[in-house]
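Notes follow the structure.
The values are calculated or read from the model by the stated rules, or taken from the named source; none is laboratory data. Since we're looking at a predicted model, the values are computed, not measured. In this analysis, Cβ positions are derived from the backbone assuming ideal geometry, glycine residues included, and neighbour counts consider all displayed protein chains. Accessible surface areas use protein heavy atoms only, side chains included; no ligands, DNA or RNA. Shrake-Rupley method; radii C 1.70, N 1.55, O 1.52, S 1.80 Å.
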Amino acid sequence: MVRSRQTTRVTWPALGFVYLGVGILIATLALGCLAMFHFAFASPGSRFTFQHSRPLHVSLAVAWIFGTVIGLVYAVLPSATGRPLFSKRLAGFHLAWFVFFGLAIVVALASGSFGGREYWAFPPIFAIAILVSWLLFAINFFGTVRRGKGPYPVYVWMWMTGILGFFFTYGESLLWMIPHFSGNPIREATVQWKSYGSMVGSWNMLIYGTQFYIMKQIEGEQASGFSKKAFFFYFLSLTNMMFNWGHHTYPVPGSVWIDHVAYVISLTELAFFVKIIADWSKRLDAARKHRHNTSYRFFVAAEWWGYLNLALALLISIPAINWMTHGTHITVAHAMGSTIGINTMILIGAVSYVLHGGAGQEHLGWQVSKGFWLTQVSLLAFFLSLVGAGVYNAVHEQSEVQHTMILFQLKPVFGAALVAGLGIAAGMFLVLAKLVWTHARHPIPQTEPV
Amino acid sequence: MFVYTRGTERPGQALSETQMEGKLAWQKHNCSACHQRFGLGGYMGPDLTRAYSRKGEAYLKAVLEFGVGNMPKLALSDDEIDGLVAYMKALDACAPPAREEVTFTWYGVVKPRE
Ligand code: HEM
């Protein structure tokens, strides 16, 4: 298929979000290492402990994923729809809003002012700011899409669903403020698990949509945005978004049948996802792999981490194993294995594409190459040490051993996880520094082929 | 949405006032950073869903007042401590069965022990 020469410039708010996202990722990594340090060498009594570092790390991780994917969608939306962004100024305002309230949340968490919810541990008043932020995004997104004409390719559907899904699931995660839910522990826990599970589904929609678009661009095959397989995947993900919470609710007493349905759908989705990347990388010719080397590598890395996560997910979904391992570091390995191995790998690849892919200059030399491998090897070590700690914990938690004793015995393992975490941080830093530095020095390839 | 809250109705489950206070104290002091309820939360300390029946009221009170091992001594008022213990009692009352109460089948399903 012929590619038109027409190009669109990536807008500054989009670039702002992407740069900001990179900054947040670096902060996430630093806080993660600090949290792991607190974990391994806890000193109860000091003023800044795991109680602070964990919520900060987790909130930043979520902000990295959402903030960056918002920037990426802003960046590619004009060329994906063939229309300019609905309002650049609104996007700029969105960026300012995001920065302002992001900083406020960081300050609240660091100073120990907690709302005390799992994962979103900040005071609930900030929920309003987050909803407004998404409203700004939604206005710009739908404003742009509405001007284009259908039928829409699969990635536009995915973005659309991701944005609407966020409103729905985030709303649900706020239900605990209503007494009907907060007065009943089981109901509250079920709703909470459910909303988080589906929220991950909504960000996956945004990420996968962006990735599909970029894979299509790299391949230069316009038709792939309409392929049956891609739409099948979309519907699978949609079902998953609606039901995947089921596989998170084992520890909560409640209805059971839905767990099994959810389990099959989630694993099918993941299997299908790795298959799509595998097929794509098979079709891609050597020249394109070279020109888009960084995106290519990170996307393929996501495929491999997909396999590993699939294996772990299969294991921990067996009810008996889940029963033993839930609440140990096996769950953490599952959570970080997928947020780092899949989501973050895709996002880094996509950031590289937006900053350098338009000019087809993603072969960025040894620094990216070294950083890439350091990240992958460290992540494997990180993953394995978390699983190791989890197995040990699962075996001993049932005995009468004092919990702190288990932590003490596991110190070497957490120490190893810390070293591996530092490796991940160093590796990613090498890559990100090169991506940003090269782009900042040569801001010409801010364009993107339509 | 109501699909998944079905099956959560159990008699005598609503939280009393003291228990509600405990829950608020839980949120204010962010116990979730280190503890789970029904498996949700941070992973430094143990899951507290069943702590009440596993450890007993006196032990929980002592832990909250003085800390133990890596559990910090948090600045909790007496009322907060009473509330937290009452809240953990409520969690315990609707907790899933303990290890002694279940068996695992060879094909990996958890069943209540006869
Ligand atoms: C892109 C990078 C990262 C992302 C997206 C990420 C994401 C997450 C998420 C989602 C959780 C919550 C897990 C759960 O509750 O199940 C978490 C927890 C945690 N992460 Fe990370 N993480 C990243 C890097 C790191 C690094 C480099 C380290 C340090 C070695 C680290 C250390 C931790 C620790 C100690 C916890 C708390 C686990 C616990 O409660 O015991 N993370 N992270």
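Count of region A:25-41 residues, restricted to those that are surrounded by 17 or more Cβ atoms within 10 Å (Cβ to Cβ) and closer than 13 Å to B:Asn70 by Cβ, is 3.
One line per residue, one yes/no per condition, for (1) at pLDDT below 95; (2) away from chain B (no Cβ under 14 Å); (3) within 16 Å of the ligand (Cβ to nearest atom); (4) part of a helix (DSSP H, G or I):
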{"residue": "A:Arg5", "(1), (2), (3), (4)": "yes, yes, no, no"}
{"residue": "A:Thr8", "(1), (2), (3), (4)": "yes, yes, no, no"}
{"residue": "A:Leu20", "(1), (2), (3), (4)": "no, yes, yes, yes"}
{"residue": "A:Leu25", "(1), (2), (3), (4)": "no, yes, yes, yes"}
{"residue": "A:Leu29", "(1), (2), (3), (4)": "no, yes, yes, yes"}
{"residue": "A:Ala35", "(1), (2), (3), (4)": "yes, no, yes, yes"}
{"residue": "A:Ala42", "(1), (2), (3), (4)": "yes, no, yes, no"}
{"residue": "A:Phe48", "(1), (2), (3), (4)": "yes, no, yes, no"}
{"residue": "A:Ser53", "(1), (2), (3), (4)": "yes, no, yes, yes"}
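With respect to being open to solvent by less than 50 Å² (accessible area, probe 1.4 Å) and not aromatic (Phe, Trp, Tyr), B:Leu24 falls outside the description. Can you find a residue that is within 24 Å of the chain's Cα centre (by Cα), within 11 Å of the ligand (Cβ to nearest atom) and within 14 Å of chain B (Cβ to nearest Cβ) anywhere in region A:65-73? Scanning region A:65-73, I find no residue that is within 24 Å of the chain's Cα centre (by Cα), within 11 Å of the ligand (Cβ to nearest atom) and within 14 Å of chain B (Cβ to nearest Cβ), so the answer is no. Residues of region B:13-62 that are more than 13 Å from the ligand (Cβ to nearest atom) and touching a His at 6+ places or on another chain (Cβ under 7 Å): B:Leu48 alone.
Table: residues versus (1) within 16 Å of the ligand (Cβ to nearest atom); (2) modelled with pLDDT under 95.
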| site | (1), (2) |
| --- | --- |
| A:Ile342 | yes, yes |
| A:Glu362 | no, yes |
| A:Val377 | yes, no |
| A:Gln398 | no, yes |
| A:Leu410 | yes, yes |
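Candidates A:Ile346, A:Ile316: the one that is open to solvent by less than 10 Å² (accessible area, probe 1.4 Å) and within 16 Å of the ligand (Cβ to nearest atom) is A:Ile346.
State whether one or more residues within region A:90-106 are open to solvent by 40 Å² or more (accessible area, probe 1.4 Å) and outside any helix (DSSP H, G or I). No, there is no match, as no residue in region A:90-106 is open to solvent by 40 Å² or more (accessible area, probe 1.4 Å) and outside any helix (DSSP H, G or I). Would you check if B:Lys73 is touching a helix residue (DSSP H, G or I) at 6+ places or on another chain (Cβ under 8 Å), open to solvent by 20 Å² or more (accessible area, probe 1.4 Å) and assigned to a loop (DSSP other than H, G, I, E, B)? Yes, satisfied.
Here is a check on your reading of the model: is B:Lys61 touching a residue at least 12 places away in the same chain (Cβ under 8 Å) and basic (Lys, Arg)? Yes; evaluated as a whole, the condition is true for this residue.
If the condition is being of a type in the set (Phe, Trp, Tyr) and either closer than 10 Å to A:Leu206 by Cα or in contact with a Phe, Trp or Tyr (Cβ under 9 Å, 6 or more places away or on another chain) (or both), then region A:55-72 contributes only A:Phe66. Exactly one condition in (1) within 14 Å of chain B (Cβ to nearest Cβ); (2) surrounded by fewer than 24 Cβ atoms within 10 Å (Cβ to Cβ); (3) in contact with a Gly (Cβ under 9 Å, 6 or more places away or on another chain) is false for A:Asn309; which is it? Failed condition: (1).
Under the condition of being within 13 Å of another protein chain (Cβ to nearest Cβ), outside any loop (DSSP other than H, G, I, E, B) and among the aliphatic types (A, V, I, L, M), which residue from region B:39-69 is surrounded by the fewest Cβ atoms within 10 Å (Cβ to Cβ)? In this case the residue turns out to be B:Val68.
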